[in-house]
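The values are calculated or read from the model by the stated rules, or taken from the named source; none is laboratory data. As the structure is a computational prediction, the values presented were derived from the model and not from experiment. Cβ coordinates were reconstructed from backbone atoms using ideal geometry, including for glycine residues, and neighbour counts include every protein chain displayed.
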Amino acid sequence: MNDVVLYSRLQFGMTLLFHYLFPQLTMSLAVLVAYFRVREWRGDGAHYTEARRFWTRILAVTFVFGVVTGIPNEFQFGTNWAAFSRFSGGVIGQTLALEGVFAFFLESTFLGLLLAGPERVGPRLHLAATLLVAFSSWLSGYFILATNAWMQHPVGYVHEPDGRVALNSFWALLGNPWLLWQFLHNQSASMVTGSFVMSSVGAFYLLLGRHEEYGRSFLRTGILTAAFFSLVQIYPTGDGASRKVFAYQGTKAAAMEGVFHTQQGAPIALIGQPDMQQLDLDNPIYIPKALSFLTYHRFSAEVRGLTAYPRNEWPDNVPLVYYSYHIMVGLGSMFLGVAGLGVLLLWRGRLYRARWLLWVIMLTAPFPYIATSAGWATAEAGRQPWVVWGLMRTYHGGSPPLNTGNAMFTLLGFFAMCLMLGVIYCFLFFRIVLEGPVHEERA
Amino acid sequence: METVWFCLLALVAAIYGILDGYDLGVGALYPFIGRTPEERESVRRTILPVWDGNEVWLIAGGGILFFSFPVAYSSGFAGFYLAFFVLLWLLIPRGLALELRDEVPHPLTRGFCDGVFFWSSTLLGFLFGVALGNVLRGVPLDASGYFFVPFWTIMGLGPHPGVFDWYTVLAGFSTLAVLMVHGSAFAAARTVGPVRNRARQAAKYASVPAVMLSTAWAALSPVANPVLNENYFGHPWAYALPVGAGVAGLAMIVLAWLGRERGTFIASSTAIVLSVGASALALYPRLLPSTLDHAQDLTIYNSGASHYALTAGLVWGAFGLTLAFGYSVFAHYKFRGRVPPQANEGAASQAGQLH
């Protein structure tokens, strides 16, 4: 049973992280494509038509990967986490079914119309389809985050005599206090990913000296969006999300920050390695009292350390939680720096010629993916040992009839599939980018 | 309230059967009814803008099962673990092959995508039948409420069957044959020229084995699981469903031989709906019968969500499913009309109006 749960965790984590590489780009690109589509609609020139077509192609390919890598996730709740599904299906079945019924149908129907293009479905319907695809992908995000929020901070349920939980308030489930900040933080992160990808493609064209008109336009749109959302990512959404963690999940908060011992006026660790034998950080660099201030807005506030909690309630992998969180925060700060510098130079009119910064912007594109993955690793590894916080341990959530051989079989199968799909996606993505928004002969 | 959700699940299954059924059927005949690249392109384009919406009925159906009967969902998905992953490993490449075929305009990659699309559609059509066969036959549910079935044991019935035995394999072949008729009728109604003719031929020749296999499947179901007779013996009117499905099947043969493609499609759709209905009625109130002891069957009463959850769900579910049905109708209305054979110079020349 132990190995089965381990393999199931690896498989669920891997397939979910891999899947989410795609939706984080489609959710934000759908918004950016809608922006180009609206400019096109207002008659701002053929430039926007070409830009919209180019990004729709990338959106289409990414969407397909998002859809197919998403199918396993709805299944894996049952296949690998049967005891968990049986326990909590009466509650989270709601949000998963809501996502299917309200978001997936809307998304798939109007994506078909969006991809068919205004020439075939008419400009008015095409505009509506573009906006609806953007809306439905965000709606989908809301429902799936409501599911996760319930696992992080269960609300709106009662215990049944048979040991399962049952829903007793639909609106409490959808209005989970955990959910608002988590949703905003997640969506803003998605916007950071999409806008950096767009800036990066723009910077690439400028460095290459091809499609320069589009390069400038992508870079300008991308970097302005990136700067805004990098800021929103840190304040207020990052701040809000982290206060919820401190309020509801003390062990996760302490593991994230690498705080082992309760102290007043706690410093914040910028770097350092958790030492699980000595229960301290090795080689730390601290900012004095900063953690107390950031969390409680008082320099002398007390921050609870891990040792204040029983050891069997600690996350089973404290260093993973600590590093993922620090990677996420470090990268988030870097994005704000890069995008801020970009906006500054754009304002001074020097961005398009500042080749060193174009290089930096171009090379930044993969890092938002790492940051969002690290963020999710923090949220999920930090939730351990619980699958539903305070109600059910992950260890008890697996599938009783599943044996290690079968679990390993599908884990390996998915590993191979993720690897293969990743290679195909990168190939197609770079192919579209190299082809460019306008064909050479037409340009 | 449990009964209402049982009926809604059956309805979702029937809609899924009609919708994804035809695009799986089109896939299973794809290399035969489209010979040249231009013809294949026209066949593919009949389903390209709508297949994803069709498949969502499966995904949403999984979500609705999870929501309404979480115990049946968890037991079923964990017990059919291996079968579900095979299903996934077919659904994923199928979607990619369909959508990405023209991203790289080279005969080699296109040929590869065509092959993947054909094989995955064929195997999926077969496997959905096997899946229904498994649910009807039952699985070794014990007192723990769980079970696990391997791919195969001795290919025979018994208390510990595998995913594949003679009964479920028969179910798989009959489903595949019905979907071939259904899909070729759809393709015939949406194409012109030689493609249309070949699709009509396919519907004609597949319709006879389809009805024969399905009749055998229906007749042998009580042998596989005697409990399936219970609801019929007490209620003679219940025979209206399977008999109606048989009549629709005969109508399908006649219309296929007359070359009435739309009529064939309507008949095959009716047959699918009535067969799903007949299966649901045979099972009711069970969701998953046990091969060990009928006291351990998973029924709508011992595996449902709470009354509050089901009632809340009915409020948004009635609204949401109507909306979803509306989207499906709308998409099919928008993409109606026949698709002529078309040259396809690849994605490069049609950026933005991909499909």
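Here are a few things to note about the model shown:
- Qualifying residue in segment B:58-79 (condition: modelled with pLDDT of 90 or more, hydrophobic (A, V, I, L, M, F, W, C) and touching a Pro at 6+ places or on another chain (Cβ under 9 Å)): yes
- Here residue A:379 passes the criteria (1) without any contact (Cβ under 8 Å) to a residue 24 or more places away in the chain; (2) farther than 30 Å from residue B:93 by Cβ except the one numbered (1).
- The residues listed here are B:95, B:79; of these, the one that is surrounded by fewer than 24 Cβ atoms within 10 Å (Cβ to Cβ), facing another protein chain (nearest Cβ under 8 Å) and in contact (Cβ under 8 Å) with a residue 40 or more places away in the chain is B:95.
- Residue A:398 being within 14 Å of chain B (Cβ to nearest Cβ) and under 30 Å from residue A:90 (Cβ atoms): yes
- Qualifying residue in segment B:251-263 (condition: out of contact with any Leu (no Cβ under 8 Å at 6 or more places or on another chain), surrounded by fewer than 17 Cβ atoms within 10 Å (Cβ to Cβ), of a type in the set (D, E, K, R) and under 27 Å from residue B:38 (Cα atoms)): yes
One line per residue, one yes/no per condition, for (1) buried (at least 21 other Cβ atoms within 10 Å of the Cβ); (2) under 20 Å from residue A:409 (Cβ atoms); (3) more than 7 Å from chain A (Cβ to nearest Cβ):
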{"residue": "B:89", "(1), (2), (3)": "no, yes, no"}
{"residue": "B:110", "(1), (2), (3)": "no, no, yes"}
{"residue": "B:115", "(1), (2), (3)": "no, no, yes"}
{"residue": "B:128", "(1), (2), (3)": "yes, no, yes"}
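- Contact map, segment B:332-349: first residue closer than 26 Å to residue B:55 by Cβ and of a type in the set (A, V, I, L, M), second residue at pLDDT below 60 and not in a helix (DSSP H, G or I), Cβ cut-off under 9 Å, separation 6 or more or different chains; pairs are B:347/B:354.
- Among the residues of segment A:402-422, those identified as under 21 Å from the mean Cα position of the chain (by Cα) and away from every other protein chain (no Cβ under 11 Å) are A:415, A:419, A:422.
- Qualifying residue in segment B:43-65 (condition: over 24 Å from residue B:18 (Cβ atoms) and in a helix (DSSP H, G or I)): no
- Restricting attention to segment B:284-312, the residues being in contact with a strand residue (DSSP E or B) (Cβ under 9 Å, 6 or more places away or on another chain) and in a helix (DSSP H, G or I) number 6.
- Residue that is closer than 23 Å to residue B:325 by Cβ, crowded, with 22+ Cβ neighbours inside 10 Å and touching a residue at least 12 places away in the same chain (Cβ under 8 Å), where the choices are A:139, A:131, A:106: A:106
Here's the yes/no breakdown for (1) surrounded by 24 or more Cβ atoms within 10 Å (Cβ to Cβ); (2) more than 17 Å from residue A:145 (Cβ to Cβ):
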residue: A:180; (1), (2): no, no
residue: A:188; (1), (2): no, no
residue: A:198; (1), (2): yes, yes
residue: A:202; (1), (2): yes, yes
residue: A:214; (1), (2): no, yes
residue: A:218; (1), (2): yes, yes
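- The one condition in (1) within 14 Å of chain A (Cβ to nearest Cβ); (2) surrounded by fewer than 18 Cβ atoms within 10 Å (Cβ to Cβ); (3) of a type in the set (A, V, I, L, M, F, W, C); (4) over 30 Å from residue B:39 (Cβ atoms) that residue B:149 fails to fulfil: (2)
- The combined condition, being in a helix (DSSP H, G or I) and under 13 Å from the mean Cα position of the chain (by Cα), is not fulfilled by residue B:73.
- Some residue of segment A:42-59 being under 18 Å from the mean Cα position of the chain (by Cα) and among the aliphatic types (A, V, I, L, M): yes
- Top-ranked residue in segment A:109-128 [being within 7 Å of another protein chain (Cβ to nearest Cβ) and surrounded by fewer than 24 Cβ atoms within 10 Å (Cβ to Cβ); ranked as nearest to residue A:32 (Cα to Cα)]: A:117
- Members of segment A:78-103 found to be aliphatic (A, V, I, L, M), crowded, with 24+ Cβ neighbours inside 10 Å and more than 7 Å from chain B (Cβ to nearest Cβ), listed by number: A:91, A:92
- Residues of segment B:250-266 that are without any contact (Cβ under 8 Å) to a residue 60 or more places away in the chain and either of a type in the set (Gly, Ala, Ser) or part of a helix (DSSP H, G or I) (or both): B:250, B:251, B:253, B:254, B:255, B:257, B:258, B:259, B:263, B:266.
- A search for C-beta distances below 7 Å between a residue of segment A:48-77 that is at the interface with another protein chain (Cβ under 7 Å from one of its Cβ atoms) and within 28 Å of residue B:64 (Cα to Cα) and any residue that is part of a helix (DSSP H, G or I) and charged (D, E, K, R), counting only pairs 6+ apart in sequence or on different chains, returns A:64/B:99; A:67/B:52.
- When residues of segment B:20-67 are limited to those that are within 7 Å of chain A (Cβ to nearest Cβ) and farther than 20 Å from residue B:131 by Cα, the one surrounded by the fewest Cβ atoms within 10 Å (Cβ to Cβ): B:50
- Residue A:161 fulfils the conditions (1) in a helix (DSSP H, G or I); (2) surrounded by fewer than 22 Cβ atoms within 10 Å (Cβ to Cβ); (3) more than 10 Å from chain B (Cβ to nearest Cβ) except for a single criterion, (1).
- Listed conditions (1) under 25 Å from the mean Cα position of the chain (by Cα); (2) over 26 Å from residue A:300 (Cα atoms); (3) basic (Lys, Arg) are all met by residue A:210, apart from (1).
- Here is the figure for segment B:297-318: residues that are surrounded by 19 or more Cβ atoms within 10 Å (Cβ to Cβ) and either closer than 21 Å to residue A:161 by Cβ or more than 23 Å from the chain's Cα centre (by Cα) (or both) total 12.
- Subset tally (residues that are within 17 Å of residue B:34 (Cβ to Cβ), among the β-branched types (Val, Ile, Thr) and surrounded by fewer than 24 Cβ atoms within 10 Å (Cβ to Cβ)) for segment B:163-222: 1
- Set side by side, the residues A:340, A:330, A:349, A:422 differ, and just one is assigned to a loop (DSSP other than H, G, I, E, B) and surrounded by fewer than 20 Cβ atoms within 10 Å (Cβ to Cβ), which is A:349.
- Contact map, segment A:323-347: residues that are in contact (Cβ under 8 Å) with a residue 24 or more places away in the chain paired with residues that are basic (Lys, Arg) and surrounded by fewer than 19 Cβ atoms within 10 Å (Cβ to Cβ), Cβ distance under 9 Å, separation 6+ or inter-chain. Pairs shown: A:346/A:220.
- Scanning segment A:242-272 for residues that are in contact with an Asp or Glu (Cβ under 7 Å, 6 or more places away or on another chain) and surrounded by fewer than 14 Cβ atoms within 10 Å (Cβ to Cβ) returns a single hit, A:264.
- Top-ranked residue of segment A:361-375 - restricted to ones that are hydrophobic (A, V, I, L, M, F, W, C) and surrounded by fewer than 17 Cβ atoms within 10 Å (Cβ to Cβ), ranked as nearest to residue A:217 (Cα to Cα): A:363
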